[in-house]
Structure formats: C-alpha cells, structure tokens
Amino acid sequence: MPQIPQKASTLKAYSILIFLSFVWGSSFILIKKALIAFDPVEVACMRISISALAFTPFLLWQLKNVDWNKWKFFLLVGLTGSGIPAFMYATAQTQISSTMSGVLNSLTPIFTLIVSILVYKNPFNFSKVQGVILGFLGAAMLFILGDSGGAGNNQWYGLFVVIGTFCYGFSSNIVQHNLTGIRSLIISAVSFCMIGPPAIAFLFTTDIISDITTHEFGYQSLAAISFLALIGTVLASVLFYYLVQVTDAVFSSTVAFIMPLVAILWGIFDGEIFLMTDLIGMMLILGGVYLIKKKKPLSDELNS
C-alpha cells in the first residue's frame with residue numbers, strides 16, 4: 001500500500017486550509033441556488049452521483065492498490081463525510097439561510113474533538129470543555145434568536161446542519177485513526193464510489209431531466225450542483241483528507257474559522273439579512289473552537 005505522505009510544511013498546510021475555506025464557504029450559496037429548481041433529495045443525490053462518477057476512472061486505475069480489508073471504514077467515511085451531510089444541508093436550507101448554515105458549520109471542530117475524546121480516547125483539558133460549552137451556547141443563540149433570512153424562517157431546521165457537522169467529526173477521525181497510510185485520493189474515490197450507486201439509481205426514479213429542461217432556472221441549478229460536486233466535493237475532499245493525514249483531524253477541521261466569513265459575504269451579496277444576534281452566535285462558536293484548538297504553536301505541531 002502507498003505510504004502516508006511526509007509532514008506538510010506550515011505554508012503548504014495553511015494554503016490548503018485557506019483554499020478549502022473559500023471553496024467550502026461558497027458551498028452554502030451553491031446549495032441555495034441548486035434548491036431553486038430541485039428538491040433537497042435531488043440536490044443531495046446529484047451531488048453524490050456527479051462526485052462518484054468523477055472518481056470512478058481513478059478508482060478503476062488504482063483498484064489493485066485498495067486495501068479492501070478496510071472497506072467498512074471507507075463506507076463510513078463515505079456516509080459520514082459526504083452521504084449523510086449532503087442530505088442534511090440541502091434539507092436545512094429549505095428553511096434557513098445559507099449564512100446560518102455556514103455559521104453553524106463552524107461546529108465541526110467541536111464535534112471532531114468530542115468524537116476524538118469519546119470514541120478514540122484522546123486526552124482533553126478544562127479549556128477544551130469550556131470551548132465545547134461556549135460553542136453550543138452560540139449555536140443555541142442562533143436557534144432561538146437568529147436567522148431571519150431563511151427561505152422558510154424556521155431556524156430549528158439548523159439541527160440538520162448540526163447532524164451534518166457531527167458526521168463530519170466522525171469522518172475526520174476515521175481518516176486520521178483508521179485509514180492511516182492510505183492516499184487521500186484512494187480514500188475519496190473508494191468512499192464516494194461506495195455510496196454513489198444508490199444515489200444514481202434513485203435519480204432514475206425522479207423527474208430530474210424534466211426539472212432541468214423545463215424549469216426556468218434548471219440549467220443554472222445544475223451548474224451550481226456540478227461546481228459544488230466537482231470542486232467543492234471531489235477536489236476539496238481529496239485535499240481535506242490529505243490535510244488530515246499530514247496534520248491531524250482537529251487542525252484540519254479549523255477550516256470552520258474562515259468558512260462562515262465566506263458564507264456570510266455570499267449571503268449578504270445575495271440579499272440575506274445578517275443580524276447582530278447572528279454575529280454574537282458566530283463569535284461564541286468560533287470562540288469555542290479557539291479554546292479547543294489552543295495548544296502548542298502550529299509550526300511545532302506540523303513539523304513535529
């Protein structure tokens with residue numbers, strides 16, 4: 001099997017982190033545009049299907065290098081890293097704004113830490129517990145007082161995003177602890193191709209072709225999903241799993257620091273309202289993420 005890459009330099013790690021933050025921060029507005037012509041299940045299945053088809057040639061090329069003894073972990077990464085979240089985020093954004101979805105996504109590092117502690121028995125301290133509490137207080141504020149810019153103005157649909165971030169927390173830890181030494185491209189290709197066939201099969205039972213060709217914004221919504229799948233899912237997932245392997249799961253999940261800022265800018269540009277309560281909730285969540293990340297300097301962590 002291919003060996004895990006050498007530790008990344010600080011500059012390389014930060015470059016990947018910033019790129020991922022911009023791409024994934026833009027994913028929420030793309031989901032919003034996709035939902036104009038398609039329902040949430042169609043959006044999720046198309047996202048998974050396009051990604052799986054894009055990865056298929058690479059999987060066939062690398063088939064002999066896949067360690068199929070780890071098929072359960074590949075499947076878990078597919079489900080928790082892409083499959084389930086795709087449905088959760090699309091469903092959530094039928095009722096909440098893309099901005100709120102992007103801000104709530106900042107909970108990912110918190111759930112990454114919780115999973116690493118509860119499942120993988122990693123150590124923790126009081127500062128990290130404070131961070132978890134602070135982050136959840138920020139999320140609670142968003143649910144109770146925030147988000148007036150959603151399509152249906154039912155902020156409790158944000159719980160679907162929370163479920164998605166919980167899944168992301170599992171995915172990052174599985175990659176770090178159970179798929180060590182396996183190339184990120186192989187992880188992405190196998191995991192997507194395992195969850196892709198059911199999504200493709202489901203699309204054949206829908207009116208997706210009619211939705212594309214007859215809806216006024218059908219082709220624009222298709223373009224949004226295609227960009228989301230090929231750039232925001234295929235390319236970004238490979239880079240993310242690589243980053244997890246050469247740093248760690250918690251560091252990699254700090255893309256959540258920059259992502260909400262990108263999501264907010266896209267939301268404001270698209271006419272969404274960003275309230276002071278939204279800002280306070282976001283700052284509480286990011287403050288919590290900072291506390292759980294507070295440890296030795298990044299340069300030491302990356303080069304140790």
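The values are calculated or read from the model by the stated rules, or taken from the named source; none is laboratory data. Quick caveat, the model's predicted, so the values are computed rather than measured. Because the Cβ atoms are built from the backbone with ideal geometry, glycine has one as well, and the counts that use them run over all protein chains shown.
Condition check: touching a helix residue (DSSP H, G or I) at 6+ places or on another chain (Cβ under 9 Å), assigned to a helix (DSSP H, G or I), under 24 Å from residue 133 (Cβ atoms) and of a type in the set (S, T, N, Q). Does residue 106 satisfy that? It is true that residue 106 is touching a helix residue (DSSP H, G or I) at 6+ places or on another chain (Cβ under 9 Å), assigned to a helix (DSSP H, G or I), under 24 Å from residue 133 (Cβ atoms) and of a type in the set (S, T, N, Q). Among the criteria (1) outside any helix (DSSP H, G or I); (2) in contact with a helix residue (DSSP H, G or I) (Cβ under 6 Å, 6 or more places away or on another chain), the one residue 205 does not fulfil is (2).
Every residue in region 208-239 that is touching a helix residue (DSSP H, G or I) at 6+ places or on another chain (Cβ under 7 Å), free of Cβ contacts under 8 Å to residues at least 60 places away in the same chain and not aromatic (Phe, Trp, Tyr), please. Correct list: 238 only. Taking the criterion of being surrounded by fewer than 13 Cβ atoms within 10 Å (Cβ to Cβ) and of a type in the set (S, T, N, Q), the only residue of region 121-140 that qualifies is 125. Within region 141-159, residues that are farther than 11 Å from residue 100 by Cβ and part of a helix (DSSP H, G or I) sit with their Cβ atoms under 9 Å from residues that are modelled with pLDDT under 85 and among the charged types (D, E, K, R), at 6+ positions apart or across chains, in these pairs: 141/278; 145/278.
Considering region 162-180 alone, what residues qualify as being more than 15 Å from residue 112 (Cβ to Cβ) and buried (at least 22 other Cβ atoms within 10 Å of the Cβ)? Can you show your working first?
Of all residues in region 162-180, those more than 15 Å from residue 112 (Cβ to Cβ) come to 179-180.
Across region 162-180, the qualifying residue is only 179.
Within region 197-211, count every residue that is more than 15 Å from residue 41 (Cβ to Cβ) and either at pLDDT 95 or above or surrounded by 15 or more Cβ atoms within 10 Å (Cβ to Cβ) (or both). Explain how you work it out, then say what you get.
Taking region 197-211 first, the residues more than 15 Å from residue 41 (Cβ to Cβ) are 197, 209-210.
Within this subset, residues satisfying the condition of being either at pLDDT 95 or above or surrounded by 15 or more Cβ atoms within 10 Å (Cβ to Cβ) (or both) are 197.
Total meeting the criteria: 1.
Taking region 254-304 and the helices (runs of 4 or more DSSP H) fully enclosed by it, the elements with 1 or more residues that are within 26 Å of residue 33 (Cβ to Cβ) and either at pLDDT 90 or above or out of contact with any strand residue (DSSP E or B) (no Cβ under 8 Å at 6 or more places or on another chain) (or both) are at 259-269, 276-293.
Only one of the numbered conditions (1) within 24 Å of residue 243 (Cβ to Cβ); (2) buried (at least 24 other Cβ atoms within 10 Å of the Cβ); (3) within 13 Å of the chain's Cα centre (by Cα) is not met by residue 90, and that is (1). Set side by side, the residues 111, 126, 204, 170 differ, and just one is over 17 Å from the mean Cα position of the chain (by Cα) and farther than 24 Å from residue 36 by Cα, which is 126.
Taken over region 212-228, the criterion of being over 23 Å from the mean Cα position of the chain (by Cα), farther than 15 Å from residue 47 by Cβ and assigned to a helix (DSSP H, G or I) is satisfied by 213, 214, 218, 219.
Of everything listed in (1) of a type in the set (Lys, Arg); (2) within 16 Å of residue 28 (Cβ to Cβ); (3) surrounded by fewer than 20 Cβ atoms within 10 Å (Cβ to Cβ), the single unmet condition for residue 47 is (3).
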